[in-house]
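*Asks:* Have a look at this one.
Each reported figure results from applying straightforward, stated rules to the coordinates on display, with no laboratory input. Owing to the predicted nature of the structure, the values given are computational and were not obtained by experimental measurement. When we count neighbours, we look across all protein chains shown, and the Cβ atoms used for this are built from the backbone with ideal geometry, even at glycine.
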Amino acid sequence: MIKKQLFYLCISLLVSSCSTYTTFYSTTHQEINIEKISKISRLDLSNQDLEELPISIESVKDLKMINLSNNIKLNIDSTFRKLAVHKNLEVLILDSLDIKEVPASIKLFPNLKQISLVHNPNLNLQQVITQISGLPIEFLNLKNNKLASLPENITKLQDLRDLNLSYNTMNDPLSYTYLGKLPKLYSLWIDHNELQKLPNTIGELSQIRFLYIDHNELKELPYQLTNMKKLWVVHAGYNQFKELPAVFTTLKSLLMVHINNNQIQHIPKVYETEKYPLAGLLLDNNPLLDIEIKKAKKIFSGFFLLSFEQKVYQ
C-alpha cells in the first residue's frame, strides 16, 4: 500500500509543471564553435537580434532542439530551409517572433515532436495547424496568444499529448469538443485564462490525465467533469472556490487535487459518505476554520498527502 501511495506522489510531482522542451538532451549551447565542439543537441539562439542563422549551423551534428525566440528580424522560411539538414530535429521554439503564419518549409523536419509558439498574438492558428498536421507533434505550446477558441482542424493533431493554452481566454464550448477528439491528449493547461466557469463540454475530454485550471476566477465546477474518467491530477489553486467541489468524489481515477489559495471554508458531507480514489489533497492558504480542519483530517486520514499550511507573507 505504501509503495502504491508513493507511486502516486511521484506522478504528481513529476508533472507539477511542464516545459517539456527544457528537459531533453544534455548541455544547452548558446553559440556555435565548430572548432571546439561539433556535436550540439540543444542550441539556444534566443534574444540575439539575429537576422539570419550562422552558416556554421549546417555543420553542427546531432541537433535535436533549437530555440530561436525573440529574434524578430529572422525570415522564418529561409531559417527553416537552412535548418533542413537537421532531419532529426525534434524541438522547435519560436516564441515572441511576431509570427502570423508558418511556412510550408516546416515540413522539412519529419521528426518534429514539439513546437512552442508562445506570445505570437497575431498567429493564424488554423493555418499553423494545417502546416504541422502531417508531423508527429506531441507537445504544442500556445501560451499568451489571445486565443478565445480553437479551430476545428486541431482534431488533425492525432499524436498530440500535451497542449498548453495558458494565458489565453479559452471559454469557447466547441473548442473543448474538438479537444475531446484527440485520442492521445494527456495534459491540458488552461490556467490564467480569466475563466469564471468551465464550459460543460470540458467533460468531453475523457482521455486526459492532468488538468491545470489554476489562476482563474472559478467558483464552481460543472458536473460534467465526472465524465473525465481517466483524470489523475487537477491543479485548481488560485481560484474563488468557497467549498471543496463535490464533483471530485465522482471522478473514478482522480488521485490528487491541488486547490490551494482559494476561499474554501467548508468540506461537503459527500466526502464522508462516498467512496472515491482521491488520495492527495493540498488545501494550503484557504480560510478553513479549525473545526473544519479537524474534520478534514479525520475524513482524509488515509491520504498519502494532506496539507493545510497557512503561509504568512510579510
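*Asks:* Apply the Kirkwood formula to region 138-314: the hydrodynamic radius equals the inverse of the mean of 1/r over all pairs of different alpha-carbon atoms; give it in Å with one decimal.
*Replies:* Kirkwood radius, region 138-314: 16.7 Å.
*Asks:* Sticking with this one: Just how large is the dipole of region 138-314 about the Cα centre, in debye to the nearest 20, putting +1 at every Lys and Arg Cβ and -1 at every Asp and Glu Cβ?
*Replies:* Values: 20 positive and 18 negative charges, 88 e Å.
Once rounded to the nearest 20, the dipole reads 420 debye.
*Asks:* Mind checking which lysines have their Cα closer than 21 Å to the Cα of residue 219? Skip sequence neighbours fewer than 8 apart in that chain.
*Replies:* Counting by Cα, and skipping residues close in sequence, residue 219 has these lysines nearby: 197, 242, 269.
*Asks:* What are the extents of the Cα atoms of region 182-283 along their three principal axes, in Å, largest first?
*Replies:* On the principal axes, region 182-283 reaches 37, 32, 21 Å in Cα extent.
*Asks:* Tell me the Kirkwood hydrodynamic radius of the chain in angstroms, computed as one over the mean inverse distance between distinct C-alpha pairs.
*Replies:* Numbers: mean 1/r = 0.0471 Å⁻¹.
For the chain, inverting the mean 1/r across all distinct Cα pairs yields 21.2 Å.
*Asks:* Local charge sum around residue 119 (other residues, Cβ-Cβ under 10 Å, Lys/Arg +1, Asp/Glu -1)?
*Replies:* Result for the neighbourhood of residue 119: 0.
*Asks:* Suppose every K and R has +1 on its Cβ and every D and E has -1 on its Cβ; what is the size of the dipole of the chain about the Cα centre, in Debye to the nearest 20?
*Replies:* The calculated dipole for the chain is roughly 1140 debye.
*Asks:* Going down the table (107/143; 64/181; 82/146; 184/298), which pairs top 27 Å between alpha carbons?
*Replies:* 64/181; 82/146; 184/298
*Asks:* Please grab the % of Cα pairs in region 35-165 that end up more than 22 Å from each other.
*Replies:* Here the long-distance tail beyond 22 Å is 32 percent of all Cα pairs in region 35-165.
*Asks:* What is the spread of the Cα atoms of region 213-257 along each of their three principal axes, largest first, in whole Å?
*Replies:* Its Cα atoms span 25, 16, 14 Å along the three principal axes.
*Asks:* Exactly which trypsin sites (Lys or Arg not before Pro) in region 95-179 are in a DSSP loop and have at most 13 other Cβ atoms within 10 Å?
*Replies:* Answer by residue number: 100, 146.
*Asks:* Separate question: Quick one: net charge around residue 165, please, counting Lys, Arg +1 and Asp, Glu -1 for every other residue with C-beta under 10 Å from its C-beta.
*Replies:* Within the 10 Å Cβ shell, the charges total 0.
*Asks:* Also: Summing Lys, Arg as +1 and Asp, Glu as -1, what charge do residues with Cβ under 11 Å from the Cβ of residue 210 carry, residue 210 excluded?
*Replies:* Result for the neighbourhood of residue 210: +2.
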